[in-house]
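Contents: one structure, followed by commentary.
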Amino acid sequence: MLPPALLAHTVAAAFAPTGVLAQGPQALHPRAGQQAMAQAVAQAIDDAATLVVEAGTGVGKTFAYLVPALLSGRKVVVSTATKALQDQLFERDLPQLLQRLGLPLRAARLKGRSSYLCLHRLKNIHQSRSPHDPQVLRQIAQVQQWALATSTGDMAELPGLPEALLPLVTSTRSNCVGRDCAFWADCHVNRARTQALQADVCVVNHHLFFADQQLQDEGVAPLLPQAGVVIVDEAHQLNDTGVQFAGTTLSTRQLLGFARDAMAVTTEHARGLHPWLDALVALEQTVQHWSATAATVPLGVRQSWLSASPQGVDAAQWTAQLHRVGRSLRLVWQALGSVQEAAPALAQLQARAGQLLHTLALFAHPAPVDSVRWLDRQARHLVLTQAPLTVAPLLQAIVQAGSTPQAWVFTSATLGDSDDLQWFTRTCGLPEARTLRVASPFDYATQASLYVPPDAPPVQAQAAHSAFVARLAQVGAQQLGGRTLVLTTTLKALAAIGQQLQQQLGAAGGLFTAIDVLVQGQGSKHALLERFRQGTVQGRGCVLVASATFWEGVDIAGDALQLLIIDKLPFAPPDDPLVQARTHQLEGLGLNAFTDYLLPEAAMALKQGVGRLIRSETDQGMVVVADTRLLEKAYGPRLLAALPPMRLLTSHEAWQERLQQLQALR
C-alpha cells in the first residue's frame, strides 16, 4: 500500500508523456482531462473519500480510475452496469493495464447466480412432467457437453442459447438447494465467489453490487466491505438498478416454475405420499386463470396499481383469483411440510413455497406509502413489482458497511446537468461527496452538428410525427448510403418508423444504394450492432431503428454512423407508476416535479442518446432531434446546455448542406 503523497506522484508518472502508458504499440496520448480525473481518484483513495466524476466521452475514464486504484495496493472492486461491460473490462482493459504497469495482481470476475450453470438442475432437467420438444433437447445436449469441459460454468461461454432455456439450467436464490446439494463442492457459483474474495481486483455488475449486502445477511462472506477501493462505473444507472433490486417482484413464471420443480422433486423423493399431480395441476390452473384477469393490460407497459388491483383490471376478479392461487399454493406448502424430513430437497422446496406465499400475501395488501407498485404483462407472464421510491437508504447502508476506511468512486459520462451533479448525488443520497466534471476532449463544434427541423409535426400527432421522422431518415440514409441510427422514445414509434423505412429503402436502386433496414426486436442486439458496425456490405448500406437499451452503452466509432436521429425529447411517460409516485413525493416536499425531476431526467437521457454519435477524435456526424420543443419551450436552453457544444442548424438548407459535407467524407 503506497503512502498518500507517493500514490499521486506514481499516478502522474504513469500518465506522463514518457510514462509506461505512453509506450508500446497501444500507447496512450496524454489527455489533460484523464490526468485530472486520475489525480482526483488518487486523492479520494488517500483520503478514503467519496468522489463523483462525470467524465465526457473520450476522456478515457476507465484508465483514469483503474490506474490509481491498481497502484494503491488496496483491494479493488469495480462495478459496471451490464455483463457486456463487465466482460470488456475483465477481458480487455484490466489485463492490458496490469501488464503495462507490471503488477502481478489477481483479477476475478463475479456475476449473479443466474449467470452460472447449476449442476444440480442440469442433472434433474429431464424429470419435468412436460416433455421437452426436440429443439430444446438438442440445446440441453449442447449444455451437457459443454458442462464437461468448462472451468467457470459461465453461461456467456455458450452464446446464442434461448433465454427460455437458461432458467432450466441455472439457479436462483429461491430454488438453490444450498449445502445439501450433492454438487456443493463443485458449484460454479461458489467457486466464482471464492475467487472473487481471494482476488486483488474483482469486477462485478450493479445487480451483484446491491446483492452483496443481502449475501452478508444470509451468512455468506460479503465482498464490498473487504475492499479498500470501490469504483462504480456507468453510475447513472445505479438508482434504477437499486430500486429494482430493493423492490419485491413476483411473476407467474416463478409460480409455474415452482410447480414444475415441485413435480420433479416429489416424483423422486415423495412418490405416493400425496396426490402431487392433482395439487400441482390445480396450482398451475389457478395461476393461469389469475393471469387471464389481466388480459386487457397492454403488453410491455408498467400498469399503475394504486388500489386493490392494477388499473384497468376488474378488482373483484383479480382479488378472487389471487386468493385462489394463495389457497392452492398453501395446500402444496402444507403437504410438503408433512414430508420435508424425507429429503433435503423437499425441505428446500417447502421453504420456497413459504417464501412465495409470503410474497403473494404482500401483493394482496395495499402498498406502503413510501413505495410504488405496478404490473407488467409480458407475452406469457405477469410480473408484479413493488419498489421504494429512491435507492438512497440502501446505497448509504452499503457505503457505510465497511469496517475499515474505504474510497468510493462513482463515474459516468452523464451524471447531471449542473456543475454540482445534484441529479446523481441527491437521488443516490450522497450529498457530501466530492464532485468533478471533466469535459470531453472532442471538438464537437467542428465534428458534429445539431439539426432541429422547423417543420416537424407536433409530437402529439404520433402517426404524422413518426412518418416525418421516417422520411427524414430515408432522405439522410439515401444520401449517405445508410450510416443512420434512429432512436425512438416509444415502441409504437419504433414499429411505425421501422416499417416505413423497410418499405421505402429495402429495394432502393438506381441513384441510391440499396439499404438494409434493421429494427430492434428483429434480431439480437449483438447481431444488429455487428451488422450496423460493418457499414456497407456487398453494396448495401445500413440503417438501424432502435429504442430502449440502444440509447446508451452502444459504441459505433468511425464512419459506420454519420447520422443520428432522435424522434423526440425523452421525457418519462407521465402515466408510468414510478414517475407518478416520485412526482407526488416531490410535490409533497414543496418541490417542482418538472424542473427538479422530469427535466433533469430528460436531459440525462437526451445526453446519453446524443453520445452515440461522436466516439473518437476523427468521427464526423449530425444529430437530428425532430422535436421543435427543444427550441420553442422555455426549458429548451437547459436541455441544449446539457448537450455537447455542437453547431446548431435550424433550416432545411443547412440540413442539406451538412448532408452533402458528410457524403463527401465517404
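Annotations
- Seen from residue 462, the other residues with C-beta closer than 14 Å to its C-beta sum to a net charge of 0, counting Lys and Arg as +1 and Asp and Glu as -1.
- Remark on residue 435: its backbone amide H falls under 5 Å from those of 52, a criterion applied only to residues 5 or more positions apart or on other chains, H modelled at 1.01 Å from N.
- Relative to the dominant Cα principal axis of the chain, helix 188-198 is inclined by about 60°.
- Residue 412 sits among other residues whose Cβ lies under 14 Å from its own Cβ, and their net charge, with Lys and Arg +1 and Asp and Glu -1, is -3.
- Residue-wise HN-Hα couplings along the range 434-442, as the Karplus relation 6.51 cos²θ - 1.76 cosθ + 1.60 with θ = phi - 60° gives them from phi, are 5, 10, 8, 10, 10, 6, 5, x, 6 Hz; Gly and Pro carry x.
- Kirkwood Rh (inverse of mean 1/r, distinct Cα pairs), the range 247-388, angstrom: 15.7
- Oblate is the label for the range 369-464, because the ratio a/c of its alpha-carbon gyration tensor axes (a ≥ b ≥ c) is 1.5 or higher and a/b is not greater than b/c.
- With helices as the sole contributors, the chain gives -13500 deg cm²/dmol at 222 nm; each DSSP H run of n ≥ 4 counts as -39500 (n - 2.57), and the sum is divided by every residue.
- For the chain, the dipole from Cβ point charges (+1 on Lys and Arg, -1 on Asp and Glu) about the Cα centre works out to 1060 debye, to the nearest 20.
- In sequence order, the range 486-493 has phi-based couplings of 10, 9, 10, 9, 9, 5, 5, 5 Hz under the Karplus curve 6.51 cos²θ - 1.76 cosθ + 1.60, θ = phi - 60°, and Gly or Pro positions carry x.
- Judged by the mean number of other Cβ atoms found within 10 Å, the most tightly packed of the peptides 621-631, 643-653 leads the ranking 621-631, 643-653.
- In plain terms, the chain from residue 618 to residue 397 could stretch by 75.2 nm, reckoned as 0.36 nm per residue minus the Cα-Cα distance.
- Derived value for the range 535-666: Kirkwood hydrodynamic radius 16.8 Å. Basis is the mean of 1/r over every pair of different alpha-carbon atoms.
- Cα centroid of the range 643-665 to Cα centroid of the range 78-108, whole Å: 39
- Separation of alpha-carbon centers, the range 440-476 and the range 187-209, rounded to whole Å: 44
- Convex hull volume per residue for the range 444-664, taking Cα atoms only, in Å³: 124
- Whole-Hz couplings from phi, Karplus 6.51/-1.76/1.60, listed for the range 404-418; x for Gly and Pro: 10, x, 10, 9, 10, 10, 10, 9, 5, 6, 9, 10, x, 10, 9
- Under-5 Å amide H pairs with residue 202, H placed in peptide plane, nonlocal only: 76, 77, 78, 108
- In nm, spacing of pseudo-spin labels at residue 555 and residue 404 (7 Å Cα→C-beta vector): 3.2
- Kirkwood hydrodynamic radius of the range 113-186, from inverse mean 1/r over distinct Cα pairs, in Å: 12.8
- For the chain, relative contact order (Cα pairs under 8 Å, six or more residues apart, normalised by length) works out to 16 percent.
- When each of 525/568; 568/633; 61/525; 83/607 is checked by Cα-Cα distance, pairs over 19 Å: 525/568; 61/525; 83/607
- Semi-axes of the equivalent ellipsoid of the chain are 42, 33, 26 Å, computed as sqrt(5λ) over the eigenvalues of the C-alpha gyration tensor in descending order.
- Degrees between helix 4-15 axis and first principal axis of the chain (Cα, 0 to 90, nearest 10): 60
- For the pair residue 652 and residue 514, label points projected 7 Å from Cα toward Cβ lie 3.1 nm apart.
- Counted by Cβ distance under 12 Å from residue 114, the other residues give a net charge of +3, where Lys and Arg count +1 and Asp and Glu count -1.
- For the pair residue 226 and residue 341 in one chain, pulling the backbone fully straight at 0.36 nm per residue adds 37.6 nm over the alpha carbon distance.
- Cα→Cβ-extended label distance, 7 Å offset, between residue 36 and residue 319, nm: 6.0
Values in this text are rule-based calculations from the coordinates and carry no lab data. Note that the structure is a prediction, hence the values are computed from the model and not measured. Cβ sites come from the backbone with ideal geometry, for glycine too, and all protein chains shown count toward neighbours.
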